[in-house]
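Engineer: Questions regarding the structure given below will be posed in turn.
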Amino acid sequence: MHRTLALALAASLVSSAPAQPKKVKQTSTPAAVEPTAKAPDPAAIIKAAREAMAATHALSYTARTYGVGALDGKVPSYSGRVSAARADAGGWRLYIKGEASAGEVIEVGYDGVTARSIREKDKVVIEKDVADESDLAVFLSSQQCRHAVVWEVLGEAPLAGDETRARYEGRGTSDGQECDIIFIPAPEKAESEQAGGVQVWIAQRDRLPRRVTRFQPGSAAGADPKDGRVLELGEFKINAESIAGYYSPEVPSGFRVRIADAAPKPRTTPGAPREATPPAEPGLLKVGAVAPEWELMNSEGKNVKLSDLKGKVVLMDFWATWCPPCRAAMPAVQKLHEKYAGKPVAIFGVNCWERGDAAAYMANNNFTYGLLLKADKVAGAYGVTGIPTFYLIGPDGKILHAGSGFGPGIKETIEKKIDEALAAK
C-alpha cells in the first residue's frame with residue numbers, strides 16, 4: 001500500500017519522549033514489563049520489522065479493536081479474522097469477516113481491484129471499484145472494519161512515521177509472544193505539538209506486529225493510552241501457514257448489488273467533506289413520471305434513442321455480466337422477448353458498470369433481445385444503485401414500473417403491466 005495511506009492511518013499518537021524508557025501502562029490483556037537498563041535501538045527494530053514484512057507474502061490473524069482513554073466505549077469495536085495476500089499488480093488483497101459492536105456480521109473481500117461487502121441482513125452486496133488505497137480505506141470505514149486492518153505494515157513503507165523520534169517503550173507479551181514496544185510519532189510535527197502517532201508491539205520471534213495502538217493528536221505524553229484505538233492481533237500466521245482469504249466473494253443468490261458512488265456526486269466547495277457513498281436507497285424514478293431521454297449504442301454499433309421508440313412499450317433491464325442476480329434474471333427477460341415478438345414492445349438489456357464482454361455473454365447464452373452498451377450515465381439518470389433494475393415505459397413515454405432485484409413474481413408483474421399497456425392502446 002502507498003506511503004500516503006500508511007501515514008494518514010498512522011496519525012494517532014502522543015508526543016514528548018521521556019528521557020528513559022518507562023514501564024508501559026496498559027488497559028487490556030497484554031502485560032508490559034520494565035525494560036532492560038539499556039534500551040534497544042528502536043531504529044534497528046523498525047528495520048528488522050520492515051525486512052520481515054518484505055519477506056511476507058501472506059498473513060492472517062484474529063483482530064479485536066476497541067477504543068481506550070477518552071475513546072473507550074465511544075468508537076465501534078470489531079472482532080473477527082483478517083487475511084491478506086500480496087496482489088500480482090502490487091498492494092494487498094484483503095478478506096475480513098467478523099462482527100461489529102452492534103452485532104452486525106461483516107464480510108468484505110478486496111481482490112486488488114474491487115471491494116465487496118456482503119450484507120446478509122439486508123440481502124445486499126455493496127461493491128466499489130477501488131481507485132487507490134485511500135478509496136479502500138474509506139470503503140472499509142463505511143463497512144465498520146477499517147481499524148481491523150494492520151495498515152502500519154501493509155504498505156510500501158511499513159512502519160512509516162517520524163522514525164528519527166521513534167522510541168523504545170519496554171517489553172510486553174501479546175498473542176503469547178514476547179514483544180518490543182516501539183512508539184513512532186507521526187511525521188512533520190514538532191515534539192511539543194502532540195501530533196499523534198502509533199505504538200507497535202513487535203514480536204521478538206518473527207519481528208511482526210502483535211498489537212497496535214493508534215493515538216489521536218493531542219494525547220498526553222508517553223505510552224499511557226489516551227484517546228486511542230487498539231488493534232490486538234491473535235493467532236498470527238504467515239506465508240504457508242496463513243489461512244487463505246476469499247478475496248473475491250461471489251454475490252449470493254437473491255442478493256441485490258449496490259454500487260458505491262454509482263450516483264452522481266454533489267458539487268462541494270474546496271475542502272468540504274463529501275459523502276463517499278450515496279444513501280442506502282436513494283430511490284428510483286416514480287411511476288407516472290416522464291422517462292428521461294437517452295441515446296445508447298447497441299451491439300451492432302447503431303444508436304438507439306428512447307424518443308424513437310415512442311408508441312411502443314419499452315422494458316429496460318439494467319445489468320452487468322459479473323452480477324449473479326442479473327444473470328439469473330436473463331432467461332425470464334428472454335421469455336418476455338419471445339412472447340412479445342412482433343408486437344409493439346422493445347426489450348433491452350441495458351449494460352452498465354461492465355468489466356467484461358456483454359455482447360459475447362449474451363451470444364454465448366443464446367439471449368437474443370436487444371443490448372444497449374455503456375449505460376453508466378443513463379443508470380445514474382434513472383437513479384439506479386443496484387442491479388438488476390427494471391423499468392417499464394409506456395407508449396406515451398411515462399414510467400409504468402420501476403423496481404430493483406429479481407425474484408419470484410417479478411416476471412409476472414412486468415408481464416401483466418405490458419399486457420395492460422398494450423390493451424390500452
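Every read-out reported here was derived from the displayed coordinates using simple, explicitly stated rules and does not represent laboratory data. Note that the coordinates shown come from a computational prediction; the quantities given were computed from them, not determined experimentally. All Cβ positions, glycine included, derive from the backbone under ideal geometry; neighbour counts span all protein chains shown.
Engineer: Based on the alpha-carbon gyration tensor of the stretch 314-425 and its eigenvalue square roots a ≥ b ≥ c, which shape applies: rounded if a/c is under 1.5, prolate if not and a/b is larger than b/c, or oblate?
Structural biologist: prolate
Engineer: Then there's this: So what's the net charge close to K343: Lys and Arg +1, Asp and Glu -1, counting the other residues with Cβ under 12 Å from its Cβ?
Structural biologist: +1
Engineer: Pop out the ³J(HN,Hα) list for the stretch 106-111 in order, Karplus 6.51 cos²θ - 1.76 cosθ + 1.60 with θ = phi - 60°, rounded to Hz; leave Gly and Pro as x.
Structural biologist: 10, 9, 10, x, 9, 9
Engineer: Compute the signed sum of charges (Lys and Arg +1, Asp and Glu -1) over the other residues within less than 15 Å, Cβ to Cβ, of V105.
Structural biologist: Residues near V105 contribute +1 overall.
Engineer: Now for a different question. What is the packing order of peptides 250-258, 203-211, taking the mean over residues of other C-beta atoms within 10 Å and listing the highest first?
Structural biologist: Per-residue mean Cβ counts within 10 Å order the peptides as 203-211, 250-258.
Engineer: Can you list the residues, at least 5 places off or on another chain, whose amide H is less than 5 Å from the amide H of W294, using H built in the peptide plane?
Structural biologist: The list, which skips near neighbours in sequence, is L306, S307.
Engineer: Something else now. When only C-alpha pairs under 8 Å and at least 6 residues apart count, what is the relative contact order of the stretch 326-425, in percent?
Structural biologist: The value is 25 percent.
Engineer: Further question: Give the separation of the Cα centroids, the stretch 94-148 to the stretch 336-400, in Å.
Structural biologist: 29
Engineer: In addition: Mind running the shape call on the stretch 361-400? Use the C-alpha gyration tensor, a ≥ b ≥ c as the square roots of the eigenvalues: rounded below 1.5 for a/c, prolate if a/b tops b/c, oblate otherwise.
Structural biologist: It is oblate, given that a/c is not under 1.5 and a/b is not larger than b/c.
Engineer: Return an integer: the convex hull volume of the alpha-carbon atoms of the stretch 108-213, in Å³ per residue.
Structural biologist: Convex hull volume per residue, Cα atoms: 140 Å³.
Engineer: Oh, and also: Enumerate the calculated ³J(HN,Hα) couplings along the stretch 350-365 in order (Karplus 6.51 cos²θ - 1.76 cosθ + 1.60, θ = phi - 60°), each rounded to whole Hz, writing x wherever the residue is Gly or Pro.
Structural biologist: Whole-Hz 3J(HN,Hα) from phi for the stretch 350-365: 9, 7, 9, 6, 7, 10, x, 10, 5, 5, 5, 4, 5, 5, 5, 10.
Engineer: Next question. Using r as the Cβ-Cβ distance of A44 and A332, and R0 as 45 Å, what FRET efficiency do you calculate, to the nearest 0.05?
Structural biologist: Calculated transfer efficiency: 0.10.
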